[in-house]
Amino acid sequence: MNKNGANGTIGAMVVVAMACCAAGANNASAQTAANGAAGVSVLSVSASTPGTRPDTSVVRDVRRALRRVPDLDDSDIHIRVSHGVVTLTGSVPETWQISRSANAARSVLGVRTVRNRLKAQKGDEAASE
């Protein structure tokens, strides 16, 4: 009796699994038919890992974050991003702007780490410009 009961349970599980696969296949074939009728082919593939953002989006958002820092001159700050690693290069007029720039960059979604290579302009350079 137990053997037959186990076989019945396994058989029911197989039937449910097949039904789920058939429903998914029907869904996919219906979508393909609809797209084929419209002359459109759709392929949904993501090259990025879950939770990551494109580098160009991170650069844009870091620039926006820098512009939101009060009294920060970001005109000579260059931003590079590679796989969530932000590198800030260039110069700022005052030393306090170096750490504020890094903090602003760290606050952006998708930033894993910040390499702060900013330098403060010398007093003579800032006065002459």
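Spin-label model, Asn103 to Val85: label points 7 Å out along the Cα-to-beta-carbon direction sit 2.5 nm apart.
Extending 7 Å from the Cα toward the beta-carbon at both Ser75 and Arg63 defines two label points whose distance is 1.6 nm. Taking other C-beta atoms within 10 Å as the exposure proxy, Thr9, Thr87 rank Thr9, Thr87 from fewest upward.
Taking the convex hull of the alpha carbon positions in region 55-128 and averaging its projected area over all directions gives 4.4 nm².
Once you list every other residue whose beta carbon is under 12 Å from the beta carbon of Ser107, what net charge do they have if Lys and Arg are +1 and Asp and Glu are -1? Walk me through the intermediate numbers first.
Values: positive: Arg64, Arg68, Arg100, Arg106; negative: Asp61.
So the surrounding residues net to +3.
None of the figures in this text is laboratory data; all of them are computed from the coordinates on show. Owing to the predicted nature of the structure, the values given are computational and were not obtained by experimental measurement. Neighbour counts run over all protein chains shown; Cβ positions are idealised from the backbone, glycine included.
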